[in-house]
Amino acid sequence: MHEPAHDPDVLLLARGLRKVYHDPERGEVVAVHGLDLACRRGEVYGLLGPNGAGKTTSLRMLSTILAPSSGRAWLDGVDVTEDPLEARRRLGFLSTSTGLYPRLTGRETLRYFGELHGMAGAALEARIEELVAAFDLGAFVDGRTEGFSTGQKQKISIARAVLHRPPVLILDEPTTGLDILASSAMIAFIEGARDQGACVLFSTHIMSEAERLCDRLGVLYRGRLLAEGTHDELRARTGAAYLDGVFLALVREADREARA
Amino acid sequence: MPPSPPHRAPGLWRATWQVARKELRSSFRDRQTAIYSVVLPICLYPALFWLMIQGAMLVQGRREHTMVRVGVAHAPGIEVPAGLVDALVAPPRAADEAGGEDAPAEPAPAEPQAVELERVEVALLGVFPDAESAWGEWTARADEDRDALLYLAEDAQGASASVLAYDSSQGRSSLARRRVQPRVEAFAHALRVELARARGADPRSLEPLRVEERNLAPDEEMGAYVLSMLLPLLLVVMAVMGAFFPAVDLTAGERERGTLETTMILPVPRLAVHQGKIVAVCVSALVATSLNLLALGLSAGHLLEMISAGAALEIELPLLAFAAIAPLALLFAFSVSAVLTGIAALAKTFKEGQALLGPVQLVFLVPAMAAAMPGLELTPVTAFVPVVNVVLAFRSILRGEVLPLEYTLTALSLCGYALLAIAFAVRVLSRESLSVAAETIPLRSLVRYLRSERGAR
């Protein structure tokens, strides 16, 4: 099902996404309160927030890992609740941990995902070789991933996420735990994906990274999107010169409102 | 990047198989799974066979070299017959033990090796009023082992009322009984023959009724019987063992390794992922069971010969029996795999998964052991009792019994249980809380968990 008045350039759209967990001890816990956001083709959208803000839950709902309690979301025009399978086919997802199957080799991992995406034979092998060359995987792609360094795992994960050329990329704290070299490679990858027209949504709590990469930003705090816009729009709203200041100003304002 | 993927994704069953294939590849690369599903079934029987032979040789050797001490006492007025002590000391010949007609009047000449190996030392204790007082006196001697006592007495009519006293709670004493009893019987038989000859009578007239045990079961039927008692239980045990580690590895192990999110974004229906895992666990169980059967087939003859105390057995698993057992084993393996997968999925770590499955294994093993006891038969009623039905059906098939109604009912009930088990496992795996639960979900919360929110399709 397509969202009403579908804009073909909006590849990721969320409207009123809400997630409630049922905790046996605490009762109902609202992790995300009505999230609205949109990300366009060739745009990098950064979701900023401290730990526990609801970033991962939001990304999990958008990537069909969790079902929203209410609200709707669309990936490339496909409703993630109505047709999660089709939505997954249009998505490249990277979790905080690389999430690689440790007993498979890098090549087996890529082949497995390729086959499940309906790729086969020479076309699949050619695509794998293309990724091996693009991400410089040749030296280790035939080893089991359990023996890889963090950087090598990250490269295989990226290759796995873009194997089927998805129009939407969702990355959950993609640089967490990476050294400077691996971080730089990840940032280069995101910039490259934007240049190729992908819509990239990623979460982070590293302000410098967000400042450098993001075309637009959303600040999530205690499950609520406090503000959304370009750097300039956010700076103008808060009067802060840097993103750190923008973030702190928004969070303090939210805390004041909560106390009041 | 192109705006959307142009590829045609696999359907539900193809995706199920692709997931299962990947899970199997991954699972068999795990050392524990490989050991329990492949190495153990292959090595179990040869190892067991070798151990039993070694053990039997050891026990037999120790037994033969063990000397036992037997006291001989007698009631007042009774004399120890001449030659008795020599007969006790010397091992009887096979014919004597069998009580053959040509049994010699005198004890067999002691062959050096036989005397050396199965020695009996005899002590004459003298006169005692009864066997109990003689036993008390004999066993009270602390200087050396006292194993058995032969007390010679007569009843009021003058018939022999002799007693061979021993202590069955002592291994040596039981050994003494087994060694002395045939020698006493052989000596008594020799006495009867001698007496009859002295009176000019036919020795056979002193023994008008003589009973000899003879097992007329053909070797192949005996083999089928022993196999039918042993194999069904082993099939159940191996199916459970074969499914155990893959079930934990593909569920709790996946959560522990942090690959659950990756699996959940696979571009296939979640049902295919769940089914793929169950199929992979089931294939592991079947591999373990098949290898077990193969290893058993290769070493069964020797092994069962040992188990059945040296009886010559012909072990043969007819093709027809295999054909009948295979579909039942497949359905049973699906039930076991689905239940174990469903339960193991509740665990957060591999270790906790093992702990959860420990008691669950018993759900299969206890009824299987109960059904393996002689006496229970496959009937239209027992065909519906879970686990028991499969053991009884295997047993009937191996015995060559033709029970079409019972086999059909067993197959139908196994089908039903397998579907129920798969539905249970899919329900567990499809709950959303599985991906967000921070801890292992305890078994006591299973019902509440099953009622919780379902995740995305």
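Odds and ends about this structure:
- Restricting the stretch A:163-190 to residues that are free of Cβ contacts under 8 Å to residues at least 60 places away in the same chain and charged (D, E, K, R), the residue that is surrounded by the most Cβ atoms within 10 Å (Cβ to Cβ): A:R165
- Summed over the stretch B:174-210, residues that are within 36 Å of the chain's Cα centre (by Cα) and free of Cβ contacts under 8 Å to residues at least 60 places away in the same chain total 4.
- B:R177 touching a Leu at 6+ places or on another chain (Cβ under 9 Å) and within 18 Å of B:V80 (Cβ to Cβ): no
- Only one entry of B:V248, B:V184, B:V226 meets the criterion of being within 30 Å of B:A421 (Cβ to Cβ) and in contact with a helix residue (DSSP H, G or I) (Cβ under 8 Å, 6 or more places away or on another chain), and that entry is B:V248.
- The set of residues in the stretch A:87-123 that are under 20 Å from A:G177 (Cβ atoms) and either modelled with pLDDT under 95 or not β-branched (V, I, T) (or both) comprises A:G92, A:F93, A:L94, A:S95, A:T96, A:S97, A:T98, A:G99, A:L100, A:Y101, A:P102, A:G106.
- Residue list for the stretch B:30-85, restricted to those being assigned to a helix (DSSP H, G or I) and closer than 30 Å to B:L195 by Cα: B:L84, B:V85
- Condition check for B:L40: more than 11 Å from chain A (Cβ to nearest Cβ) and within 20 Å of B:N292 (Cβ to Cβ): yes
- When residues of the stretch A:110-128 are limited to those that are assigned to a loop (DSSP other than H, G, I, E, B) and not hydrophobic (A, V, I, L, M, F, W, C), the one surrounded by the most Cβ atoms within 10 Å (Cβ to Cβ): A:H117
- Filtered residues of the stretch A:16-32 (kept if at pLDDT 90 or above and of a type in the set (K, R)): A:R18, A:K19
- Long-range neighbours under 8 Å by Cβ, at least six apart or interchain, first residue more than 10 Å from chain A (Cβ to nearest Cβ) within the stretch B:2-26, second modelled with pLDDT under 90: none
- Members of the stretch A:221-243 that are outside any strand (DSSP E or B), surrounded by 16 or more Cβ atoms within 10 Å (Cβ to Cβ) and of a type in the set (A, V, I, L, M): A:L234, A:A240, A:L243
- Number of the exception - B:R399 against (1) closer than 30 Å to B:L227 by Cβ; (2) surrounded by fewer than 14 Cβ atoms within 10 Å (Cβ to Cβ); (3) within 27 Å of the chain's Cα centre (by Cα): (2)
- Residue pairs whose Cβ atoms lie under 6 Å apart, separated by 6 or more positions or on different chains, with the first residue in the stretch B:415-431 and not assigned by TED's automatic domain parsing to the domain that holds B:V279 and the second buried (at least 22 other Cβ atoms within 10 Å of the Cβ) and of a type outside the set (K, R), do not occur.
- Flag for A:Y45 being buried (at least 19 other Cβ atoms within 10 Å of the Cβ) and within 9 Å of chain B (Cβ to nearest Cβ): no
- Verdict on A:R103 being in contact with a strand residue (DSSP E or B) (Cβ under 9 Å, 6 or more places away or on another chain) and within 23 Å of B:P10 (Cβ to Cβ): yes
- Of A:G118, A:G106, all but one fail to be out of contact with any Cys (no Cβ under 7 Å at 6 or more places or on another chain) and more than 10 Å from chain B (Cβ to nearest Cβ); the exception is A:G106.
- Residue match in the stretch A:95-104 (condition: surrounded by fewer than 22 Cβ atoms within 10 Å (Cβ to Cβ) and either charged (D, E, K, R) or out of contact with any helix residue (DSSP H, G or I) (no Cβ under 9 Å at 6 or more places or on another chain) (or both)): yes
- So B:S413, is it within 14 Å of chain A (Cβ to nearest Cβ) and not charged (D, E, K, R): no
- If the condition is being of a type in the set (A, V, I, L, M), under 16 Å from B:L124 (Cβ atoms) and without any contact (Cβ under 8 Å) to a residue 24 or more places away in the chain, then the stretch B:47-91 contributes only B:A82.
- Tally, over the stretch A:75-85, of residues that are facing chain B (nearest Cβ under 9 Å) and touching a strand residue (DSSP E or B) at 6+ places or on another chain (Cβ under 7 Å): 3
- Here the helices (runs of 4 or more DSSP H) wholly within the stretch A:129-220 that include at least 1 residues being within 13 Å of chain B (Cβ to nearest Cβ) and under 15 Å from A:S95 (Cβ atoms) are A:150-162.
- Test: residue in the stretch B:368-379 that is β-branched (V, I, T) and without any contact (Cβ under 8 Å) to a residue 40 or more places away in the chain: yes
- Each residue in the stretch B:1-55 was checked for being at pLDDT below 85 and aromatic (F, W, Y), and 4 of them qualify.
For (1) outside the structural domain of B:P374 (by TED's automatic domain parsing); (2) modelled with pLDDT under 85; (3) in a helix (DSSP H, G or I), each residue gets a yes or a no:
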{"position": "B:A176", "(1), (2), (3)": "yes, no, yes"}
{"position": "B:Q181", "(1), (2), (3)": "yes, no, yes"}
{"position": "B:A190", "(1), (2), (3)": "yes, no, yes"}
{"position": "B:V211", "(1), (2), (3)": "yes, yes, no"}
{"position": "B:G223", "(1), (2), (3)": "no, yes, yes"}
{"position": "B:S228", "(1), (2), (3)": "no, yes, yes"}
{"position": "B:L231", "(1), (2), (3)": "no, yes, yes"}
{"position": "B:V236", "(1), (2), (3)": "no, no, yes"}
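- Residue list for the stretch B:238-254, restricted to those being closer than 14 Å to B:G342 by Cβ and either modelled with pLDDT under 90 or small (G, A, S) (or both): B:A243, B:A247, B:A252
- Of all residues making up the stretch A:140-149, the number that are surrounded by fewer than 18 Cβ atoms within 10 Å (Cβ to Cβ), closer than 22 Å to A:P174 by Cβ and at pLDDT 95 or above: 0
- The set of residues from the stretch A:60-74 being at the interface with chain B (Cβ under 8 Å from one of its Cβ atoms), among the small types (G, A, S) and surrounded by 24 or more Cβ atoms within 10 Å (Cβ to Cβ) comprises just one member, A:S63.
- Scanning the stretch A:92-103 for residues that are at the interface with chain B (Cβ under 7 Å from one of its Cβ atoms) and within 10 Å of A:S63 (Cα to Cα) turns up just one, A:F93.
- Condition check for B:R255: more than 23 Å from the chain's Cα centre (by Cα), touching a residue at least 12 places away in the same chain (Cβ under 8 Å), in a helix (DSSP H, G or I) and surrounded by fewer than 18 Cβ atoms within 10 Å (Cβ to Cβ): no
- Residue within the stretch A:22-29 that is touching a residue at least 24 places away in the same chain (Cβ under 8 Å) and more than 9 Å from every other protein chain (Cβ to nearest Cβ) present: no
The values are calculated or read from the model by the stated rules, or taken from the named source; none is laboratory data. Since the structure is predicted, the reported quantities are computational estimates derived from the model, not experimental observations. Counting neighbours? That spans all protein chains shown, and the Cβs are built from the backbone with ideal geometry, glycine included.
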